[in-house]
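All remarks here apply to the structure that follows.
The values are calculated or read from the model by the stated rules, or taken from the named source; none is laboratory data. Bear in mind the structure is a predicted one, so any value in this text is a computation, not a measurement. Ideal geometry is used to build each Cβ from the backbone, glycine not excepted, and the neighbour counts take in all protein chains shown.
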Amino acid sequence: MRRVRAAVAVLALAGATLGTAATTAGAAPAEGPRATATCPTGWGSGAKGGATMGADHLENVRTGQHECYDRIVFDVPGGGDQIGYHVQYVDRFYADPTGEYIPVAGGAILDIRIGAWSYDLEAGAPTYPGQVGKTLPGVNVSGYNTFRDTRFGGTFEGQTQVGLGVRARLPFRVTQLDGRIVVDVAHSWTS
């Protein structure tokens with residue numbers, strides 16, 4: 001009987017994990033009361049990243065909500081799984097390289113740098129229509145549990161910078177997928 005219970009528990013856990021992995025930006029939260037959600041823990045709030053130089057182009061930024069976290073996705077078609085990124089909390093958000101201070105609403109600010117241009121130098125045209133100091137085009141985070149504000153920092157030397165205002169300094173994770181970088185910020189420190 002214990003083996004049957006253990007097998008059922010393992011299958012239930014696997015199903016919950018697959019359900020979480022299948023959720024994408026823009027998807028509606030899972031059905032049922034929030035108390036039944038098993039939220040991941042252990043992400044931490046320290047800086048995360050790797051090389052930030054990029055050769056491909058940012059084409060879209062989108063957000064979504066989940067039972068446990070809010071998500072922002074940076075689409076870099078053609079970037080494969082080698083898109084550089086660096087994400088960290090900062091006290092104030094400054095555009096690189098000008099040093100221009102850009103106010104970002106929220107209790108804490110994530111400085112997100114994606115290894116991709118938002119401007120095609122050869123074509124002489126933007127690939128992403130962000131304007132320095134302005135909110136991200138087409139991104140509305142009103143009503144989100146964790147996200148409060150977004151600001152475009154610009155593109156310089158192969159990286160695009162975004163300021164993300166969040167409710168408080170909360171744990172986050174960064175996932176690198178084929179053609180995109182995903183940043184999830186937890187709703188709380190505990191599940």
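Scanning the stretch 101-119 for residues that are among the charged types (D, E, K, R) and in contact (Cβ under 8 Å) with a residue 60 or more places away in the chain returns a single hit, 113.
May I ask you to list pairs of residues, at least six apart or on different chains, whose Cβ atoms are under 7 Å apart, with the first in the stretch 132-155 being of a type in the set (A, V, I, L, M) and the second being in a loop (DSSP other than H, G, I, E, B)? Partner pairs satisfying both residue conditions: 132/95; 136/130. Please indicate, with yes or no, whether at least one residue in the stretch 128-135 is buried (at least 24 other Cβ atoms within 10 Å of the Cβ), aliphatic (A, V, I, L, M) and either more than 17 Å from residue 84 (Cβ to Cβ) or over 16 Å from the mean Cα position of the chain (by Cα) (or both). No. Beta carbons closer than 7 Å, at least 6 apart along the sequence or on distinct chains, pair a first residue in the stretch 70-87 that is in contact (Cβ under 8 Å) with a residue 60 or more places away in the chain with a second that is polar (S, T, N, Q) and surrounded by 23 or more Cβ atoms within 10 Å (Cβ to Cβ) for 70/146. Looking across the stretch 101-113, the residues that are touching a Gly at 6+ places or on another chain (Cβ under 7 Å) and surrounded by fewer than 22 Cβ atoms within 10 Å (Cβ to Cβ) come down to 102, 105, 106, 111.
The set of residues from the stretch 161-180 being at pLDDT below 95 and assigned to a strand (DSSP E or B) comprises 175, 176, 177, 180. Exactly one residue out of 154, 80 is small (Gly, Ala, Ser) and either touching a Cys at 6+ places or on another chain (Cβ under 6 Å) or assigned to a loop (DSSP other than H, G, I, E, B) (or both): that is 80.
Any chance you could count how many residues in the stretch 83-100 are buried (at least 18 other Cβ atoms within 10 Å of the Cβ) and in a loop (DSSP other than H, G, I, E, B)? The qualifying residues number 4. In the stretch 134-147, is there at least one residue being modelled with pLDDT under 95 and in contact with an Asp or Glu (Cβ under 9 Å, 6 or more places away or on another chain)? For the stretch 134-147, residues modelled with pLDDT under 95 and in contact with an Asp or Glu (Cβ under 9 Å, 6 or more places away or on another chain): absent. Residues that are surrounded by fewer than 20 Cβ atoms within 10 Å (Cβ to Cβ) and not in a loop (DSSP other than H, G, I, E, B) were ranked within the stretch 31-63; the one that is modelled with the lowest pLDDT is 34.
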